[in-house]
1. Under the 0.36 nm per residue contour assumption, what length would be gained going from the current alpha-carbon distance of L20 and S77 to full extension?
2. As a test of the formula, what do you get for the chain when each DSSP H run with n ≥ 4 contributes -39,500 (n - 2.57) and the sum is divided by the residue count, at 222 nm and rounded to the nearest 500 deg cm²/dmol?
3. State, as an integer percentage, the relative contact order of the chain based on alpha-carbon contacts under 8 Å between residues 6 or more apart.
4. In nm, what is the difference between 0.36 nm times the number of residues separating S131 and A27 and their Cα-Cα distance?
5. If the cut-off is 18 Å between C-alpha atoms, which lysines fall inside it for K83, apart from same-chain ones fewer than 8 positions away?
6. Which one of A51, G93, A112 has its Cα pushed farthest toward the positive end of the charge dipole of the chain, where Lys and Arg give +1 and Asp and Glu give -1 at the Cβ?
7. Please turn the phi angles of the range 110-117 into ³J(HN,Hα) values with the Karplus equation 6.51 cos²θ - 1.76 cosθ + 1.60 (θ = phi - 60°), one per residue in order, whole Hz, x for glycine and proline.
8. Could you calculate the contour length gain from R97 to T58, that is, 0.36 nm times the residue separation minus the distance between their Cα atoms, to one decimal place in nm?
Amino acid sequence: MLQILLQTGIRVSELVSLPLQAIDLQARTMLVAGKGNKERTIPLEKKGILALKNYLATRPKSLDQHVFLNYNGAGISRRGAEKIIEKYRAVSGITKRFSCHSLRHTFGSYKATQGVSPFQLKEWMGHTSISTTQIYVHMGQEGAKKAMEATSL
């Protein structure tokens, strides 16, 4: 779950509602039903594909078609996903607190600093307005200012 949230920037609500048939490992894509049931296709990176393959290989058999399951074999809840993310944050020794939504922000700001266009970022993140996406672009520009100062001649 952590890898998918970080690699795709999807919302935790989108993660927990993700059905198995939305994942196409051959095409390396994931079909996400976002706010207002607007669907968008997100390309999967190598790390995301590997994480999904590893998880699906060990996923318990269940009639439930959600990708991520709870201990009863039913689709995991939003709160259940948040608890798992928090558990692994603590176990890994990371002292800084973060949430599933923090991972979405990390995705957006990182992609912006890497030069992804605001329009592409808007599509991937499922924003209805480009002005929402501009937050990440401005965050990326802050990094650019620091890089300019750090490499001053």
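1. On the way: separation 57, 0.36 × 57 = 20.52 nm, distance 1.58 nm.
So the chain would gain 18.9 nm between L20 and S77.
2. Values: 7 runs with 82 residues, N = 153.
Computed mean residue ellipticity for the chain: -16500 deg cm²/dmol.
3. On the way: 178 pairs, mean separation 38.7, N = 153.
Dividing the mean separation by the residue count of the chain yields 25 percent.
4. Working: separation 104, 0.36 × 104 = 37.44 nm, distance 3.05 nm.
Stretched fully, the S131-A27 segment lengthens by 34.4 nm.
5. Partners within reach: K96.
6. Checking the options against the dipole of the chain, the answer is G93.
7. Ordered by residue, 3J(HN,Hα) equals 5, 4, 5, 5, 8, x, 5, 5 Hz.
8. Numbers: separation 39, 0.36 × 39 = 14.04 nm, distance 2.85 nm.
So the extension gain works out to 11.2 nm.
Bear in mind that the values in this text are calculations on the coordinates, not laboratory data. Please read all numbers here as calculations on a predicted model, not as lab measurements. For neighbour counting, all protein chains shown are included, and Cβ atoms are generated from backbone atoms with ideal geometry for every residue, glycine included.
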